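Here is the structure we will look at.
Read-outs: derived from the displayed coordinates by stated rules, not from any lab. Only a predicted model underlies this, so the values are computations on that prediction, with no experimental measurement involved. For neighbour counting, all protein chains shown are included, and Cβ atoms are generated from backbone atoms with ideal geometry for every residue, glycine included.
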Amino acid sequence: MPFDPQSLRYDANGLIPAIAQDHASGEVLMMAWMNAEAVAQTLASGRVTYWSRSRQAFWIKGESSGHVQRLVDFRVDCDRDCLLVLVEQTGPACHTLRRTCFYTAVRGDDEVELMRPEG
């Protein structure tokens, strides 16, 4: 059966959360938003494309930084309201130049930085 991006359950703004995970290590890299066109572009090009809520524009991961996400697998959750994109990540995934956007943890009453920026 062919996949139709319109079959996904988008929020009131026409967006769906997409979690990017490193396909080899399983590390969760980031979360961003897609709309139906970003989903279609990602599947057609193999370059992960998101929708920037702040810029109201498409954002191809790595377009300006060179930190590209190449799509390895595209998965839909059971409720069809969240996506998991398994990627081959070139360079850091986070705009702070860290490998992952999830670089802080709460330990007891403290917030702890788990990794420093690369480079």
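Within the stretch 98-109, how many residues turn out to be surrounded by fewer than 16 Cβ atoms within 10 Å (Cβ to Cβ) and either within 12 Å of MET30 (Cα to Cα) or charged (D, E, K, R) (or both)? Give the steps one after another, and end with the answer.
Narrowing the stretch 98-109 to residues surrounded by fewer than 16 Cβ atoms within 10 Å (Cβ to Cβ): 104-109.
From what's left, either within 12 Å of MET30 (Cα to Cα) or charged (D, E, K, R) (or both): 107, 109.
Qualifying residue count for the region: 2.
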Legend entry - In the stretch 1-53, the residues that are within 16 Å of the chain's Cα centre (by Cα), of a type in the set (Gly, Ala, Ser) and within 13 Å of CYS82 (Cα to Cα): ALA18, ALA20, ALA32, ALA36
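Kindly provide the set of residues from the stretch 102-115 that are within 22 Å of GLN21 (Cβ to Cβ) and either assigned to a loop (DSSP other than H, G, I, E, B) or touching a Ser or Thr at 6+ places or on another chain (Cβ under 6 Å) (or both), ordered by number. Even if it seems obvious, please write down each step before you answer.
Restricting attention to the stretch 102-115, the residues satisfying the condition of being within 22 Å of GLN21 (Cβ to Cβ) are 102-106, 113-115.
The answer is PHE102, TYR103, GLU113, LEU114, MET115.
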Legend entry - Single condition LEU84 does not satisfy, out of (1) at positive phi; (2) within 13 Å of the chain's Cα centre (by Cα): (1)
Inset, instruction - Please enumerate the residues belonging to the stretch 21-46 that are closer than 17 Å to HIS95 by Cα and among the charged types (D, E, K, R). - result: ASP22, GLU27
Legend entry - Given (1) within 26 Å of PRO5 (Cβ to Cβ); (2) surrounded by fewer than 13 Cβ atoms within 10 Å (Cβ to Cβ); (3) in contact with a strand residue (DSSP E or B) (Cβ under 7 Å, 6 or more places away or on another chain); (4) among the acidic types (Asp, Glu), index of the condition ASP81 fails: (2)
Legend entry - Criterion (closer than 25 Å to GLY119 by Cα and of a type outside the set (Lys, Arg)) met by exactly one of GLY46, GLY62: GLY62
